[in-house]
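Take a look at the structure below.
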Amino acid sequence: RLLRSPATAPVVSGMATVGQLLDWYGDRMARDRSLSAKRKAGARSAIGQHLKPRLDDLAIVDVNADALDKHLMWPCQAEVSLSYLRQMFALLLTAFRQALQLGLIDRNPMAGMRFNDFTKAKILPKASRLRDVQLPELMRQLAQAFEEAPGDAMLALMMLAHGTRIGETRMARWNEISLAAAEWFIPAANAKTRTEHRLPLTAQVQALLTRHRATQQAMGYEGVYLFPNRRGLCLSETQASNVFKRLGQGEWTSHDLRKVSRSTWTDLGIDGHIGEMLLNHKLGKIASTYIHTQAMQQRRAALEKWHAWLDRVGFAAIHGLTKALFEISQNSPEATAGKAPSDLTAFVISEDSK
């Protein structure tokens, strides 16, 4: 048996087994409004499919490194990735810490335990399945997709152009896009880090957005989302994932777009700190202050360099900026007067103006 009789185990608030602890913590996570639906689903899956089946009847007083190694860590390492096992370990550790802080248990049996106490194997990041030399072919593919399935192509292009995550991209609204301020605002509620994110919009992306909006309107869509589904809501997580199954055909995923963006930024000499800001990774308090006071121009310069590089491998043929500016120069009042157009507002119609 995994435990001594729970009836004889010292208990606070009736919590005797790890299963009871996990039931309590799982319910707590499910009710936590600060957690994303994806985070809640991940925790529910880890508890229901792995932690409870292996630890349900284990008495809390019997929890120690040997018991966890025997019933959880060693058998699970043969079935799941080390990175996922580390996430489960962290979830269990957090559950014990929280229960102790709230007085539900009288001691934390996992205090002092670390993941590398159980395995010395290194968790290596997955290599990107997209490399910069593959981007010309990818651009040709996306150019064709823009004609046949513009929403699919646009989702991939916005992620590649900015290094954004699939979740925060699929939920984008037109009123979060300001062409007047040349900025894309991602609300904290949509971001994995739960911190708002502001991305500069280059001239190329402004032209791309204008093309996308015109395509939507030509198809009769006047709604609020950049990536709507048939019900008029934003693409669901599953629907967005299916976009990349169609585009990648098993060769690459949405996250590979983010990875190839980051690696190419490094090759282009873009400062690593600026790259982390663009990816909206969690930063320290000092760095967060720097973001809001100093870094917007550096981020804009970084994206301008990146998009100029993408132009050379096919991006220009998709967003059509050069063509649009040429047409303006031929047809605008400024052209009639012999003057060049001053900026993109001559052809870009933003939500700001509505």
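Approximating the spin labels as points 7 Å out from Cα along Cα→Cβ, the ASP69-to-GLN87 distance works out to 2.6 nm. One Cα centroid belongs to region 25-63, the other to region 146-175; the line between them spans 32 Å. Summarising the overall dimensions of region 195-266 from its C-alpha atoms, the Rg and Dmax are 14.7, 41 angstrom. The mean of 1/r over all distinct Cα pairs in region 53-201, once inverted, gives the Kirkwood hydrodynamic radius of 19.8 Å. Take the Kirkwood radius over Cα pairs of region 6-117, plug it into Stokes-Einstein at 37 °C and 0.692 mPa s, and you get 230 µm²/s for translational diffusion.
Between TRP309 and ALA188, what's the calculated FRET efficiency when r is the beta-carbon distance and R0 is 41 Å? Round to 0.05.
FRET efficiency, TRP309 to ALA188: 0.85.
Taking other C-beta atoms within 10 angstrom as a stand-in for reagent exposure, LEU278, LEU58 fall in the order LEU58, LEU278, fewest first.
Calculate the FRET efficiency for LYS52 and GLN134 from the Cβ-Cβ distance with a Förster distance of 45 Å, rounded to the nearest 0.05.
Numbers: r = 43 Å, r/R0 = 0.95.
So, using R0 = 45 Å, E works out to roughly 0.60.
Using 0.36 nm per residue and subtracting the Cα-Cα separation, the extra length available between GLU222 and THR322 on full extension is 33.3 nm. Near TYR225, the amide H atoms lying under 5 Å from its own belong to TRP174; only residues 5 or more places off or on other chains count, and H is placed 1.01 Å from N. Each of HIS71, HIS162, HIS273 was scored by other Cβ atoms within 10 Å of its Cβ. Listed from fewest to most, they are HIS273, HIS71, HIS162. When every alpha-carbon pair in region 110-196 is counted, what percent end up more than 18 Å apart? In whole percent, the share of Cα-Cα pairs in region 110-196 beyond 18 Å is 63. Computed from backbone phi with θ = phi - 60° and the Karplus coefficients 6.51, -1.76 and 1.60, the 3J(HN,Hα) list for region 20-31 is 5, 4, 5, 4, 5, 6, x, 5, 4, 5, 4, 9 Hz; x is used for glycine and proline.
Amide H contacts of CYS234 (H built 1.01 Å from N, in plane; Pro and chain starts excluded): ASN229 sit under 5 Å, all sequence-distant by 5 or more or on other chains. Here's the list of aspartates and glutamates a cross-link from LYS305 could span, going by alpha-carbon distance under 18 Å and ignoring same-chain residues fewer than 8 apart: ASP132, GLU183, ASP267, ASP271, GLU276.
Relative to the current alpha-carbon distance between GLN101 and ASP32, full extension at 0.36 nm per residue lengthens the span by 23.1 nm.
A short reminder: the numbers here are calculations on the coordinates, not readings from a lab. Quick caveat: nothing in here was measured; it's all calculated off a predicted structure. When we count neighbours, we look across all protein chains shown, and the Cβ atoms used for this are built from the backbone with ideal geometry, even at glycine.
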